[in-house]
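Quick notes on the structure that follows.
The values are calculated or read from the model by the stated rules, or taken from the named source; none is laboratory data. Since we're looking at a predicted model, the values are computed, not measured. No Cβ is skipped: glycine too gets one built from the backbone with ideal geometry, and neighbour counts run over all protein chains shown.
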C-alpha cells in the first residue's frame, strides 16, 4: 500500500512538472509571436535578432534561477535577523546590478542587429507582454474564484 501511495505521488509530481513545462513552452511561443509582431521584424532582421534574444533570455533566466535558489537557501538561515537582512539587501542589490549589466550589454547587441527604433522597443515590448500575461492570469484566477463574474463586478448587495 505504501509503495502504491508513493508511486502515485511521484507520478502526480511528474505530471505537474510536465504540465508546467508545457505551459512554459506555450507562453514562450506566444511571447515570440508577440515580440515578432510588435517589432515588425523582416526576415533578415529576425534571422539576426532571435539568436541574440535567445542568449539574452538564457542569461536572464539563469540570473533569476540563481536568485530564486539563493532565496530558498536564505529561508534556512540562522537566528541573526539583522545581519541576515543586511546580507540579503546586499545580495538583492548585486542581483539588480547584474540584471542591469545584462540589459546594458544586450541593448548594444540589439542595436547591432536591429535598426535603432526596433532595438529600442525590445525591452518595452517585453514589459508589455508580461503585463498582458499577468492581467490574463489575474483574470483567470478571479474567474475561478467567482465563476461568471466579470473582473470589475462588485459582489456586494446594493440597497
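Could you count how many residues in segment 88-122 are outside any helix (DSSP H, G or I) and under 21 Å from the mean Cα position of the chain (by Cα)?
Filtering segment 88-122 down to residues outside any helix (DSSP H, G or I) leaves 114-115, 120-121.
Those left that are additionally under 21 Å from the mean Cα position of the chain (by Cα): 120-121.
Total satisfying the criteria: 2.
With respect to residue 125, is the statement that it is assigned to a helix (DSSP H, G or I), within 30 Å of residue 30 (Cα to Cα) and in contact with a helix residue (DSSP H, G or I) (Cβ under 8 Å, 6 or more places away or on another chain) true?
Yes.
Return yes or no: is residue 137 under 21 Å from residue 30 (Cα atoms), modelled with pLDDT under 95 and assigned to a helix (DSSP H, G or I)?
So residue 137 fits the description; yes.
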